[in-house]
1. Does Leu42 satisfy the criteria of being assigned by TED's automatic domain parsing to the domain that holds Glu196, surrounded by 15 or more Cβ atoms within 10 Å (Cβ to Cβ) and over 30 Å from Leu301 (Cβ atoms)?
2. Has region 161-177 got any residue that is more than 21 Å from the chain's Cα centre (by Cα) and at pLDDT 95 or above?
3. Kindly check whether there is at least one residue in region 156-177 that is open to solvent by less than 20 Å² (accessible area, probe 1.4 Å), over 21 Å from Ile56 (Cα atoms) and free of Cβ contacts under 8 Å to residues at least 60 places away in the same chain.
4. Condition first: of a type in the set (Ser, Thr, Tyr) and either open to solvent by 10 Å² or more (accessible area, probe 1.4 Å) or in a loop (DSSP other than H, G, I, E, B) (or both). Now tell me which residues in region 237-277 satisfy that.
5. Inspect all residues belonging to region 207-230 and state whether any of them is aromatic (Phe, Trp, Tyr), within 30 Å of Pro31 (Cβ to Cβ) and surrounded by 21 or more Cβ atoms within 10 Å (Cβ to Cβ).
6. Of everything in region 435-451, what is within 16 Å of the ligand (Cβ to nearest atom) and open to solvent by 30 Å² or more (accessible area, probe 1.4 Å)? Give them in sequence order.
7. Please specify each residue of region 457-478 satisfying the condition of being within 23 Å of the chain's Cα centre (by Cα) and within 16 Å of the ligand (Cβ to nearest atom).
Amino acid sequence: MKNYVVFVFVLAIIFINETQTSEILVVAPMPSYSHFSIPFKLSKELAKRGHKVTCINPYPQKAPIKNYVDISVTENIEVMEEIRKQLFDMNKFGVIENLTFIFDMIKLLVDRTMTNKNVQDLLKSDKKFDVVIIEDFLNEAMFGLGYHYKAPVILISATTTSDMSNYIFANPAPASYVPGMGGTLTKCMNFWQRIENVLTKSVFYGLLHLYHLPQQRELFHKYISNDTDLDSIIYNTSLMLTNSHVSVSDAVPHVPSIIEIGGFHVNPPKKLPEDLQKFLDNATEGFILFSMGSNLKSDDLKPEVRDGILKAFSKIKEKVLWKFENDLPNLPSNVKIMKWIPQQDVLAHPNIRAFISHGGFLSTVEAVYHGVPIVGIPVFGDQKYNIATAEQDGYAIGIQLNDLSEETLTRALNEVLINQKYRNVVKQRSTLMHDRPMTPVETAIYWVEHVIRHKGAPHLKSSGVDLKWYQREMIDVVVFLILVVSLILITILVIVKKLLQFVFSKSKKNVSNKKKSQ
Ligand SMILES: *[C@@H]1O[C@H](CO)[C@@H](O)[C@H](O)[C@H]1NC(C)=O
């Protein structure tokens, strides 16, 4: 009897596992490790739970992962190397140049990805998928893969909800208090800043409709299908996992199909390499981590700026761990250079006092997660916005790249290291990030499986999605009302004018009649 119960139990487990596992396609072709790390982590977590994951990406694994298959697009990395050379210049670009640069880069990447032999082989095979998860980076043409596989589409983002995703999901993001991510505006805007925000967002949406979406439609028709239009696919996206949380991003509206998973990518701290562990343990006065992320190499800094940075470091008592690709001569004794640094594990070290960062969003989340104040040197993309927001929230000091020098760095370091305010604020935010009903990983898995279970999520969709842009913004209604009110006013004016003329001419006549009769 006992054996029988065990047998049924085992069968039940096998049966449940069988029915619950799904075929999942993850699309993450962006050749930037910080973009890849988010969908990659989701892929691994899904694979761990028995789902079969196929992942289009430029970073194929050397050691195989159970239930996980790479579709390699490593060639995309060459494109990024070319683009990377221009990243520092982007700092000097205007709004329009910046946007068209990004749109063209995405077009090139989608093109490269779709013509890749491995991707072509996958598309031609008879493989089926239950859901398609796409790393959201203005690559709308690729949403068509959901159409190709007749599977619902989920987006996952390495950043917070962007103007683009707000548009896709009809998510309210009024320009009065939701700043665009390209600039330095924060949620507290004065009248002129709100005007700037409206204009910048209008330029984005203008270019989106006139420049970007036509490119994406063309790519979709070229590589995926001619039977339908891309727009009906874009606005049919089931869900978005957005990399935000109130501890690190603004408290802004989210429609039910946008789920916040900020903090998702942070892993429990691992053991550090021995020499690094020793260096950090010995930093009894504390240490500072300096890293400009994976896209920008510290080597791109001008020599005089590099020297200024070293002079600033030589004046502080804390040690400095600097991620730098080359060896440097005449290093101050408190500075250690490493080509690669396990950033999350270093941020978790109890001796850390501050983090000098380019302000990439993932780095900002990690700093808040571990409660480390930031000195931000933003360069491109959303970095200025991230640092401006962190400054506004009171746990960072920003330095513009052009102003970076011995003096500015010394001033910022002294403030962050001596004034306790920055540390207290970021520690408080760290506790907020940890205080939530489910971990971000559990949340992400739950919602992916929810979409698979229900074969899409039309029940989460806002009806704003079905409206044209001018209908959503109520431009048609406002214009109509202005016309009606104007018409009424004009009518009244005309009537009053006629009446006056009538009365006036009457009295004139009377006067002239009187004159005549005299
Ligand atoms: C929209 O998505 C659902 C769920 O994936 C799907 O069944 C439906 O066919 C899609 N509609 C269009 C127009 O693509």
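The values are calculated or read from the model by the stated rules, or taken from the named source; none is laboratory data. Fair warning: this is a prediction, and the values are worked out from it, not measured in the lab. Every residue, glycine as well, gets a Cβ built from its backbone with ideal geometry; the counts of neighbours run over all protein chains shown. These accessible areas exclude ligands, DNA and RNA; they are computed on the full protein's heavy atoms, side chains included. Shrake-Rupley method; radii C 1.70, N 1.55, O 1.52, S 1.80 Å.
1. So Leu42 fits the description; yes.
2. Checking region 161-177: not a single residue is more than 21 Å from the chain's Cα centre (by Cα) and at pLDDT 95 or above.
3. yes
4. Result: Thr237, Ser238, Ser244, Ser247, Ser249, Ser257.
5. yes
6. Hits for region 435-451 are Trp447, Glu449.
7. Ala457, Leu460, Lys461, Ser462, Val465
Yes/no matrix, rows are residues, columns are (1) open to solvent by 40 Å² or more (accessible area, probe 1.4 Å); (2) within 18 Å of Gly293 (Cβ to Cβ); (3) more than 24 Å from the chain's Cα centre (by Cα):
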| position | (1), (2), (3) |
| --- | --- |
| Gly360 | no, yes, no |
| Glu366 | no, yes, no |
| Asp393 | no, no, no |
| Glu415 | yes, no, yes |
| Gln420 | yes, no, yes |
| Arg423 | yes, no, yes |
